[in-house]
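Notes follow the structure.
The values are calculated or read from the model by the stated rules, or taken from the named source; none is laboratory data. Computed from a prediction, not measured in an experiment: that's the story for all the values here. Ideal geometry is used to build each Cβ from the backbone, glycine not excepted, and the neighbour counts take in all protein chains shown. We work out accessible area using only protein heavy atoms, side chains counted, and drop any ligands, DNA or RNA first. Shrake-Rupley method; radii C 1.70, N 1.55, O 1.52, S 1.80 Å.
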Amino acid sequence: MASYSTNEFKGGLKVMLDGDPCSILENEFVKPGKGQAFNRVKLRNLKTGRVWERTFRSGESLEAADVMDREMEYLYNDGEFYHFMEPDTFEQHQASTDAVGDAAKWLKEQDVCTVTLYNGAPLAVTPPNHVVLEITDTDPGLRGDTAQGGTKPATLSTGAVVKVPLFLEIGDAIKVDTRTGEYLGRAKED
Amino acid sequence: MTDNTWQPTASLAALRQRAALLADIRQFFARRQVLEVEVPILSRRATSDPHIDSITALCNGDPAYLATSPEFGLKRLLAAGLGDCYYLGKAFREGEAGGRHNPEFTMLEWYRCGWDDRKLMGEVGELLSLVLDIQVVQSLSYRELFLRELQLDPHTASEADLCACVAREIELSFAPSDRDECLDLLMSHRLEPAMGGGITLLYDFPASQAALAKVAEDATGTPVARRFEAYVNGLELANGYWELTDPAEQLRRFQADHRYRGAHKLHVYPFEERLVEALQSGMPECAGVALGVDRLLMLAGGYSSIDQVIAFPIERA
């Protein structure tokens, strides 16, 4: 595998650190006028999601991580694994609960997600930024109360719970931002 | 698809601010009878500094180096009897690029005959106050800053204590190799951010970091480098010396730098023996300081990145 020197570090580069694949978030070159040069680097550990800060001597290098992001269609969950398919090759991958993590509550069959492969196996799953899901449980709707701006919790078909306006009812389809968990609006009926 | 890399990264307003800043600096020195001079940017000799690399060019078929500072040329002019002088122009450093660095940058360097570092610190404070319109100037020694923030005396702490402090404060990918590396790490990671607002003038550096400054005993009898740095809001702006004038000591430091570079497998450049000759002929006692003009402009205009004050940084140059 290739390796990268600190002067090649930039946001998004995937490298190995302490045996784990990481994505570089920030790379700051630090050099006192009359002293040694260092690089202060922020990296996200792609296995744990945790952010690490690490200082390197300028010129040090790290091995590249065999990590790539692929767009894949979510197929189904068999109780143990989540199954995804590459749309052009129809190749299927199974992702563990650990790999899917919090994304699980946004996964709807046939939605296209970003699956991060590490050494060819799913390491993480990023749901689409916006998903349309059906409300499966919420308190009864209060028609005529649309101007109040109040909210209530609603459980969606995937199990996620989001705050929605009071007038929404079971069976309504809504659009949600998966990055913030915020209600964006009612989904248009096709 | 075009990504518009022909365009400047700095705003037109920033470029106008740059012109005004250069004019202010020239006026500051004209009023004080300090003479502007030009010295070579392209030279057959290079700095010996262990932590500064030169950019190599070819001139008439032979290697020549882009100046990392105008220091050697200015000192030769001082030895020739020119008196107080300054250089305002480009300097180049290999491998330095980032939010606060561009390999090609604008440097102001000036010398005051008969002054020492303390007196020159005062003038640096005056220039910065004028340009940045801030009055708060705190002066403190390198030791005082370490004691204040880390309860550690940088001159007397053992290497083991320094390493332990670094290990507590900073996540490293390597083990520090010596005292100076520990001190540099603590300075850049812990102390610069803790300096606070306004202008900070830091003086009396460890003797091991003297570069081209005189080494003298401080009030406690510790040998210290008579060197100072100016910071504004934790951003390093200027580095000054009570200048070394002893030719034999100068030659020893060049040779020590060469040995260090050789031992660390760094490129060994030809050093400027003409500086040693100039000191032999007699350079007046003086203090000198170099200041990063791009960073000064960043502070004056409230810019967070050096690309915002340079029309065409290296990615677009």
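So the values come out like this:
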item	result
Other protein chain Cβ atoms within 10 Å, averaged over every residue that makes up A:35-44	5
Hull volume in cubic angstrom per residue (convex hull over the Cα atoms of segment A:67-126)	70
The protein assembly as shown: radius of gyration and largest Cα-Cα distance (Dmax), Å	29.5, 96
Gain in span if fully extended, B:Glu36 to B:Ser158, counting 0.36 nm per residue against the direct Cα distance	39.4 nm
Net charge, B:Ala300 excluded, C-beta distance under 11 Å - Lys, Arg +1, Asp, Glu -1	-1
Sequence of A:Met16, B:Met283 when ordered by accessible area, the most exposed leading, probe 1.4 angstrom	A:Met16, B:Met283
Principal semi-axes in Å for chain A [√(5λ), Cα gyration tensor, largest first]	41, 22, 12
15 Å tail of the calculated P(r), segment A:3-63, as % of Cα pairs	43
Solvent exposure of the protein assembly as shown as accessible area per residue, Å², 1.4 Å probe	47
Over chain A: helical MRE at 222 nm, DSSP H runs n ≥ 4 each giving -39500 (n - 2.57), nearest 500	-500 deg cm²/dmol
Sequence of A:Trp106, B:Trp242 from largest to smallest accessible area, 1.4 Å probe	B:Trp242, A:Trp106
Euclidean distance between Cα centres, segment A:96-125 to segment A:1-46, Å	26
Cβ neighbours within 10 Å from other chains - mean over B:46-53	2
Summed buried accessible area for A+B [probe radius 1.4 Å, Å², rounded to 100]	2100
Distance from segment B:122-186 to segment B:188-264 (C-alpha centre basis), Å	11
For residues of B:182-193, the mean tally of beta carbons on other chains within 10 Å	3
Percent carbon-and-sulfur accessible area, the protein assembly as shown, ignoring ligands, DNA and RNA, probe 1.4 Å	49
Antiparallel bridges, percent of DSSP beta bridges restricted to the protein assembly as shown (to nearest 5)	95
Rounded to the nearest 10 Å², the accessible area of B:Trp115 at probe 1.4 Å	50
Net charge, A:Val131 excluded, C-beta distance under 9 Å - Lys, Arg +1, Asp, Glu -1	0
Value at 222 nm in deg cm²/dmol, rounded to 500, when DSSP H runs of n ≥ 4 in chain B each add -39,500 (n - 2.57)	-10500 deg cm²/dmol
Cα shape, chain B, gyration tensor, a/c 1.5 rule	rounded
Of the DSSP H helices in chain B, those whose Cα atoms cover at least 18 Å axially and whose Kyte score averages 0.0 or more	B:12-31, B:117-132
Net +/- balance of residues flanking B:Cys182 in space, Cβ distance below 12 Å, scoring K and R +1, D and E -1	-4
Cβ-placed point charges (K, R +1; D, E -1), dipole of the protein assembly as shown about Cα centre in debye, nearest 20	1600
Paramagnetic reach from B:Glu285 in segment B:117-138 [backbone N under 19 Å; point 7 Å along Cα→Cβ]	B:117-123
